[in-house]
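Please treat every number below as a calculation from the coordinates, not as lab data. Model, not experiment: these values are computed from the prediction. Note that each Cβ is placed from the backbone with ideal geometry, even for glycine, and that neighbours are counted across all protein chains shown.
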Amino acid sequence: MASDREFNLIGKSPLRVDGMAKCAGQTKFADDLSMPRMLFAKLHRSPVAHAKIVGIDTSKAEAMPGVVAVLTGKSMPIPFGILPVSQDEHVLAFDKVRFIGDPVAAVAAVDEGTAYEAMLAIEVTYEELPVVLNAEQALANEAPAIHDYGDDGNVHKRVSMQFGDVEQAFEDSDEIFTDITLFGSNTHLAMEQHASLGHVAADGRVTIHSSTQTPHYLHKAACKVLELPPSRVRIIATPNGGGFGGKSDPFNHEIVVAKLSQVTNRPVKISLTREEVFQCHRGRHTVLMKSRMGMTKDGKITGIHFQSLLDGGSYGSFGVATTYYTGALQTVTYEVPTYRFDGVRAFTNKAPSGPKRGHGTPQPRFAIEVQLDKAAEKLGIDPAELRLRMIQPPESVTANWLYVNSIGLAECIEKVVEGSGWKERFGKLPRGHGLGLACSSYISGAGLPIYWNAMPHSGVQLKVDRGGGVAVFCGETEIGQGSDTVLATCVAEVLGLELLDVRVCAGDTDLTPVDLGSYSSRVTLMMGNAAIQAAERAREIIGKHAAKRMGIPGNRVVFAGNRVFDAEDPERGMSFSEAVQIAEAEQGTIGTVGSYSPPPNPGRYRGSGVGPTATYSYTAAVVEIFADEETGMIEVDKVWIAHDIGRALNRNLVIGQVEGGVYMGLGEALMEDMAYREKRRGVLKHPSMLEYKSITTHEMPEVITTLVEHPDPRGPFGAKEVGQGPLLPMMPAVANALHDALGVRVDQVPIHPDLVMKALKAKDKRAGPKKFPDLLITDTQRVKTQAEGGDGTAPRSPKEKAVQS
Amino acid sequence: MMRLPKFTWRAPETVAEVAKILHEEGPEAKVVAGGTDLYPNMKWRVETPKTVVSLRKVEGLTGIDWRDDGSLRIGPGQTLRSLERDERIAAELPGLHTAMKSISTPLLRNMGTIGGNLCLDTRCNYYNQSYEWRRSIDFCMKCKGDTCWVAPSSPVCWAVNSSDGVPMMVALGATLRFTSADGEREVTADDLYAGEDGRAWMTRRPDEVMTDIVIPAQNGARTVYQKLRRRGTFDFPVLGVAARIVMNGAVQSVDLIIGAVGPVPVRAGKAEELLLGSTLSDETIEQAAALAQKSATPLDNTDFAFPWRRQMVPVFVKRALLEARGQV
Ligand SMILES: Cc1cc2nc3c(=O)[nH]c(=O)nc-3n(C[C@H](O)[C@H](O)[C@H](O)COP(=O)(O)OP(=O)(O)OC[C@H]3O[C@@H](n4cnc5c(N)ncnc54)[C@H](O)[C@@H]3O)c2cc1C
Ligand code: SF4
């Protein structure tokens, strides 16, 4: 197997394949693209949060010099959306608008300034409807319904499931901890603002270049709305200047430019303003949570009942999946023998929430890790020790039927405990200074695709050139995370080449086989496995003919250093290109394919599709802070973080992802706040990079990263994910450190300084939400755990049986 | 991306020409120095001058000139960076040095000028927003609307003077010199920032151009500046405390100015009275800080929860006074 030999590239840090171009300014992002006769588009967006559209007058805009076309929603009546169950968006709204920023009309003009002025000249008459601005309001008020679908009123999705007898477990517990926590919304804040360029060729075929993380899903949505067969529409994902989940939904503007280019017969580009990017959002859901956790006095969890209420904003987006994710992964870090989860996602008249780095799991992770910190204090057990006692065993099935393959969490905890001097320093630092610990876990790619199908999740194609170069084609999308480099690395490693010998062609629905996209931390694991398979097949073909030529058995052929040679006599051999030529002469043009689907999961109940993965990554972190008692402001001094990566394919890239996760997580912990002005019609409070605060290099502490490497047999060369997991422990670690520093609990993020001051003054030394509403659960899906002899299915509820008969 | 609206660009070379253009074009003309304030405002369409008059080529608007009497004349065209880097300013006017160094980012300080900083438009997070955003709230009193959303019954605008330079110049007793078609005039910083409305916070007329900033000899006064903001870079102040104290065993004179809590900097007069003649004991400092809080009433139009900003006034006044006490 690949993992027991010496590597040429794997585990080292060669320069990323797109690095020089990015440094030299050669990389063409979507907004850098330009074509002859290109027009510029602008979207007219709703200034009101909830209203019926009574009339749209585009005559003034159309009459303006330089305006070439104006579009309204009736021209594209077919709805779209990322999930098959929430096809609730229109490219341009024509019946009603649901948030401030909902696109209503589009303009194409000769330049951006003209398009902007024309956009302002469009007059829309609205009949305003009452506005719903938070999830509790939405839950309490069925009317006015923002959508005419969903579970009821403004409840988009309501789920409830139970694994084992949680109430009995609580009875048997020594302590039951009940905590209510709030995780405020924040957004991706990628440096690159979304941009797209659409054009139509003379033969009528449409191309959309776009800063998208998911060209395949955009392909599906665009074909649906434009009513064109997939063979007539091509999506080219440009390198993204950061995505973090913010570019994984198909967006209005991406389809608008295609439609406008059809109408005008000219290329049309749109580049969003930062404010529009805030309106596109799809970022972190605000989640109010209530967790009841039963424990024995020696620190074992007996059961958890977890409830979450998600503020979904105005559209479905990935929200159904997000809802399940707020309940799925609580069980994969620590042993939780019985478990119940209730979740509700509500529609509100705000920018749509969606998937942001960690997708629905940072919120519950915050709740659980803070709760554990409190439990440790109450039980008189060191927080690190408490966690070490209850780690989920490897190759096990959790109460909610998730299969855990390898787990390096214990080692992660040990590393950060050691690095930070935890044992000597926790609880003993001078007032104001504190240490906090938290752990987490994340999927290495979702076990199921967005739409049900039995095809591979990732496909890779190789073309081997007789000159010795290899072109590798894959639908993956480079969003800055380094996926192009990982792709080239996997191929180059197997074929014994240098990175520059491999040409990557990615994210192009006409040229590359489908890869589902850069989301859910799936690319390295899935694309990597597919790439290894394709490369091994090429090696097989080339090796076979080379062995014959050398007169040795096939298993003695080695590919390394751009040569193909005899393992027993390395002098005997040939260059890689010679080997290719021999093979090509023998059997014709050489090309191979590889593909990957994740292993099936044992759970077979409703909702069991969210949570499974080939293998989970694990992270532990210790954060050291200084909290100013006079102001409540928090400075993060240092972070120790250890991540169970399985195997680092490119060490610098992995450390970059870890540090990036730390950076983003600290921003969420301390300041990032997607706030709205509820009294001013629900406008976003500060849709700009100046006033939406995220941390800068000034606030970024020193980060000591340790990679825990025990190759997981399911990962490519043993690798697991790293794109999302390391963010997760940051928020609870900061909150826990605050308790160590000042003895207060802020059960809420972001931890604004006024909350710290409030907690300092409060009798219970706590700030945070106090109440959790009734989620109005009427039907709970009951699934027997493995320990109870279950088989992963849920017996059908009486209700369902009635419907069936 | 956001685009600038169309405007006519003028680039005169003398102060007289600038004054002439401003006189002829009226309030539709605006001067621009570094443009770090004006251009973003134009992109938001909160300022839409028909004519933009660049000061870059105008003679006589630069210079950091120390005079024999110990006073300092600064040309308004001097960049913030050049003031931050001036060694004599750092040594003799540490408060000014700190204020300059604390403005935004190094990139911005390379562009931004002290003249622009002292004429900075007042800010409010209902105002520094795009045209579309402001349309969603029916605009506000400072631009195109009728109501102040921060204080809906208020007849005036409460936009915040968010300059770090302004409170410091007031504390230092600086004098500003302006030229217009009518001639020249001089005004103290105290008198310049005397408006009571975020729309008219300066007594400067739109046709006047600032030509000189004169800081009188400090004769060993201690100067400090304490700034509250979210992050260590980039951010405008949401509270700035500038102090100038002459100590001779006891406090001989004191200027305690609180910035970024309203349309103009506020003098903490009661606190000054208490401090005068004191030895800056811990107790006096605590009392002065508590008194100073009464002079500042920040509202909900900047970053952070505004009751907390108010809570921070005594903390930062105390820090400023402690810093001054520690200075030699
Ligand atoms: C992201 C960001 C962060 C910032 N942070 C801070 C901060 O922390 N602290 C702070 O104090 N400022 C801050 N600023 C504001 C601004 O950049 C600085 O105050 C800068 O000094 C302004 O100078 P300028 O030359 O660029 O002004 P300009 O934009 O050129 O002019 C500003 C105003 O002054 C007028 N003006 C300029 N020169 C003269 C003159 N000689 N006579 C008469 N009127 C004149 C202009 O007409 C205009 O109204 C920030 C700005 C941004 C964009
Ligand atoms: S203080 Fe009031 S009037 Fe002034 S800018 Fe803000 S909202 Fe407008």
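In this entry, the range B:1-59 is assigned a mean projected area of 3.9 nm², taken as a quarter of its C-alpha convex hull surface. Extension gain, B:Ala250 to B:Lys57: 0.36 nm times the residue separation minus the Cα-Cα distance gives 64.7 nm. Residues B:Trp44, B:Trp201, B:Trp66, B:Trp9, ranked from the fewest to the most other C-beta atoms within 10 Å, line up as B:Trp9, B:Trp66, B:Trp44, B:Trp201.
Here's the picture: a label point sits 7 Å out from the Cα of A:Lys548 along the beta-carbon direction, and within the range A:580-624 the residues with their amide nitrogen under 19 Å of it are A:580-592. Once C-alpha pairs closer than 8 Å and six or more residues apart are averaged by separation and normalised to the residue number of chain A, the relative contact order reads 16 percent. Each of A:Val494, A:Val104 was scored by other Cβ atoms within 10 Å of its Cβ. Listed from fewest to most, they are A:Val104, A:Val494.
In the range A:733-789, the alpha-carbon atoms span a convex hull of 164 Å³ per residue. Taking a Cβ cut-off of under 9 Å around A:Gly445, the surrounding Lys, Arg, Asp and Glu residues balance to a net charge of 0, with basic ones at +1 and acidic ones at -1.
Select from the range A:1-108 those GluC sites (Glu not before Pro) which occupy a DSSP coil region and have at most 16 other Cβ atoms within 10 Å, ordered by residue number.
Details: sites: A:Glu6, A:Glu62, A:Glu89; in loops: A:Glu6.
Hits after loop and neighbour filter: A:Glu6.
Under the simplified labelling scheme, the A:Ala762-A:Glu571 pair shows an inter-label distance of 7.8 nm, with each label point 7 Å from Cα along Cα→Cβ.
For the segment A:692-702, counting C-beta atoms of other chains within 10 Å of every residue's C-beta and taking the mean gives 3.
Between the DSSP loop rule and a limit of at most 13 other Cβ atoms within 10 Å, which trypsin sites (Lys or Arg not before Pro) in the range A:504-599 are left? Write down the numbers at each step before the final one.
Details: sites: A:Arg522, A:Arg537, A:Arg539, A:Lys544, A:Lys548, A:Arg549, A:Arg556, A:Arg563, A:Arg572; in loops: A:Arg522.
Answer by residue number: there is no such site.
Remind me, relative contact order of the range B:1-59 in percent, using alpha carbon pairs under 8 angstrom and six or more residues apart? If you can, show how the numbers build up before the last one.
On the way: 81 pairs, mean separation 32.0, N = 59.
Reported relative contact order: 54 percent.
The mean sequence distance of close C-alpha pairs (under 8 Å, at least 6 residues apart), as a share of the length of the range B:222-326, puts its relative contact order at 26 percent.
For the range A:155-160, backbone phi angles converted through the Karplus equation (6.51, -1.76, 1.60; θ = phi - 60°) give residue-by-residue couplings of 8, 6, 8, 10, 10, 8 Hz, Gly and Pro being listed as x.
Value of Rg to Rh for the range B:98-186, rounded to two decimals, is 1.06; Kirkwood radius and Rg both from alpha-carbon coordinates. Peptide B:127-136 is shielded by partner chain Cβ atoms: per residue, an average of 6 of them sit within 10 Å of its Cβ. Neighbour counts of other Cβ atoms within 10 Å put A:Thr705, A:Thr619, A:Thr238 in the fewest-to-most order A:Thr705, A:Thr238, A:Thr619.
In this structure, the amide hydrogen of A:His156, modeled 1.01 Å from its nitrogen in the peptide plane, lies closer than 5 angstrom to those of A:Asp151, A:Arg345, A:Ala346, A:Phe347, counting only residues at least 5 positions away or on a different chain.
Sequence-ordered 3J(HN,Hα) estimates for the range A:124-138 from the Karplus curve with 6.51, -1.76 and 1.60 and θ = phi - 60° stand at 10, 9, 10, 10, 6, 10, x, 10, 10, 10, 8, 5, 5, 4, 5 Hz, glycine and proline given as x. The mean number of Cβ atoms from other chains found within 10 Å of a Cβ in peptide B:308-317 is 3, as a whole number. Taking every DSSP bridge with both residues inside the protein assembly as shown, close to 75 percent are antiparallel.
Below 15 angstrom from the Cβ of A:Lys758, what's the summed charge of the other residues (Lys, Arg +1; Asp, Glu -1)?
Working: positive: A:Arg745, A:Lys761, A:Lys763, A:Lys765, A:Arg766, A:Lys770, B:Arg309, B:Arg310; negative: A:Asp628, A:Glu629, A:Glu630, A:Asp747, A:Asp754, A:Asp764.
That works out to +2.
Note on the range A:191-260 and the range A:313-384: Cα centroid distance 32 Å, given to the nearest whole angstrom.
Each 10 Å bin from zero holds the following percent of Cα-Cα pairs in the range A:696-805: 10, 20, 19, 24, 21, 5, 0. The amide H of A:Arg503, built 1.01 Å from its N in the peptide plane, has A:Val470, A:Ala471, A:Val472 as neighbours under 5 Å, considering only residues 5 or more places off or on other chains.
For the range B:296-303, the Karplus equation 6.51 cos²θ - 1.76 cosθ + 1.60, evaluated at θ = phi - 60°, returns couplings of 10, 10, x, 10, 7, 9, 9, 4 Hz by residue, with Gly and Pro reported as x.
The range A:47-101 and the range B:153-207 have their alpha-carbon centroids 46 Å apart.
What is the local net charge at B:Thr48, summed over the other residues whose Cβ is closer than 14 Å to its Cβ (Lys, Arg +1; Asp, Glu -1)? Write down the numbers at each step before the final one.
Values: positive: B:Arg3, B:Lys6, B:Lys30, B:Lys43, B:Arg45, B:Lys50, B:Arg134, B:Lys142, B:Lys144; negative: A:Glu117, B:Glu25, B:Glu28, B:Glu47, B:Asp121.
Neighbour charge sum, excluding B:Thr48 itself: +4.
When the P(r) is computed for the range B:120-265, the part past 18 Å accounts for 63% of the Cα-Cα pairs. Enclosing the Cα atoms of chain B in their convex hull gives a volume equal to 133 cubic angstrom per residue. For the protein assembly as shown, pairs of C-alpha atoms spaced more than 45 angstrom apart make up 41 percent of the total.
Dipole magnitude for chain B: about 1100 debye, using +1 per Lys or Arg Cβ and -1 per Asp or Glu Cβ, origin at the Cα centre.
In whole Å, what is the distance between the alpha-carbon centres of the range B:1-73 and the range A:109-168? Cα centres, the range B:1-73 to the range A:109-168: 46 Å.
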